[in-house]
Each structure stands twice: as C-alpha cells, then as structure tokens.
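The values are calculated or read from the model by the stated rules, or taken from the named source; none is laboratory data. Predicted model, so just to flag it, every value in this text is computed and none were measured. All Cβ positions, glycine included, derive from the backbone under ideal geometry; neighbour counts span all protein chains shown.
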Amino acid sequence: MGRLVVLSGPSCVGKGPLYAALKKFYPDLAGKLSKLVLYDSRAPRPGEVDGVDYHFRRRAYIESLRGEPSYNVFAVRDDLQALDAHELEQKLAASDVLFDGNPYIGSGLLDCVAEHHTECLSVFLSPLSREEILELRCAESGVELAGFVTDVMQRKLLRRTQRQKGILALGDLKNIETRASSAYGEMQQAWRFDHVIPNHDGEDSENWDAFYYPVADARKTLQAFAKLLGGERSSYVETWEQDLLA
C-alpha cells in the first residue's frame, strides 16, 4: 500500500508551480507520485489539460455523482469537485499518491486516511508565516487579520489572472473575490496538517520559472517539500497550533 501525500493551501498560494518545479528538479521524487485527479465543474484555466489537472465536467454531471457510492462531492467556493474513492484505492495499491488541492478536501482526506490507517504525509502551503500571523494578531498592529489575508490573496489572484488572460472580465473579478475571501477560512485548516510551509511566492510570482532555478521563497518551498518527501525535516517548515487563527 502506498502513501498519500496531501498538499493543500488557498488558491494561488503556489501548489501548481511547486509540483511543476518538483517534476523538473527532483524527478526521482516526483516520479514516485501518482497524481490524484479530481472532477471539477469550473472551466480549465489557460494551460490546464482535461484528465491531467482535473476531469473538467459540467456542474450537473458532478452533481449527479452524489448518489454514487464511490464518489465524494464537495462544494469548493462556487465550484463543485468530486473525488473517486475507488480510483484513490487503486492508485494507492500501486504507488504513492499526491493530492494537490483545496484545504477542505484535504482535511476530508486526512479524516479518511486516519479511519483506514493509511500512511499519509500532509503539507499545507501558507501565504503567511506563523511569525507574521502572531505579529499581525497583536492589538498594537491595528490589523484585522481576516481582511488582511483577503487583501493579500486578492492581489495574488489578480496578478495571476492578468498573467493568464490579460484583460479581465467581470466574471474573473468575481471569481478572484470568491477565492480571496475563502482563503482565511482555508488557512484555519492548516493546524490539521503535519507540516506548514510559508510561501510568499504564489502562482503570481515569476520566482518559480523566470530563471533557470526557483529563487527566494519559491526555492525554499521547493527544497522544504523535497526534504519532507524524502523523509527529512527542514528548518523552514512550521507546525501550527489549533488556535493560531481561531
């Protein structure tokens, strides 16, 4: 039986470029992971491939999966996503499996693997470090933390979407607002994960792919994730207490 690797974090925190960098610079580690592909009701983003990134299906089709015994359907922001539990079991029987996605689904997977005693490595990518959160939480800072996180993620998502599409439509702006406003609640799930990696270089950052090798936080995040996959501990990795974002 293989190990399940759960990689979660808010939208645009850097999960996609992290996995791409792992495949490029740590092919031996990436080659041991079979990617779990979920169903998703949203349209593909530029560069995404059906069956590789998600199984992109109409919302009505994913809604119909609620009655199927092997499927778990999740409401994720304004989208519907579905997990094929039978596919997960088949993949785990052959190799380690990577789930890369939303923290609420990631938390559900943690409950599932605990129930079935499946080996699991869980990693949460956060746009803020524990130290930054503690500083921002202080009354003297005058910062409302949930609003601060929303503002940070709005800017990241706006930059990412502009890089992908150029001129934005009203629907793009609504989608950005939905994803940004969900980020704080998703970060409240981080304490459930074995490891938290702070990463300021989200999917909006050129530090992943503008140069030959990732630089700044992208480099630290890649190295920390690779060490965890290899069974080592990185000093860059954090552990969060349950009430950090209570």
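Among what's in the range 225-246 and is of a type in the set (A, V, I, L, M, F, W, C) and in contact with a helix residue (DSSP H, G or I) (Cβ under 7 Å, 6 or more places away or on another chain), pick the residue that is surrounded by the most Cβ atoms within 10 Å (Cβ to Cβ). Here the answer is Phe225. For the range 123-154, a residue qualifies if it is over 29 Å from Val5 (Cβ atoms) and among the charged types (D, E, K, R), and the qualifying residues are Glu135, Arg137, Glu140, Glu144, Asp151. When the range 41-55 is limited to residues that are loosely packed, with under 12 Cβ neighbours inside 10 Å and closer than 19 Å to Leu18 by Cα, the one that is nearest to the chain's Cα centre (by Cα) turns out to be Val52. Among the residues of the range 183-206, those identified as surrounded by fewer than 19 Cβ atoms within 10 Å (Cβ to Cβ) and either under 15 Å from Ala20 (Cα atoms) or out of contact with any strand residue (DSSP E or B) (no Cβ under 8 Å at 6 or more places or on another chain) (or both) are Tyr184, Gly185, Gln188, Trp191, Glu206. Taken together, the residues in the range 48-82 that are touching a residue at least 24 places away in the same chain (Cβ under 8 Å) and among the small types (Gly, Ala, Ser) amount to 1. For the range 191-221, give me each residue that is under 13 Å from Val13 (Cα atoms) and assigned to a helix (DSSP H, G or I). Scanning the range 191-221 gives Asp217, Ala218, Thr221. Consider the range 17-57 and keep the residues that are closer than 26 Å to Glu206 by Cβ and among the β-branched types (Val, Ile, Thr). The one that is modelled with the highest pLDDT is Val49.
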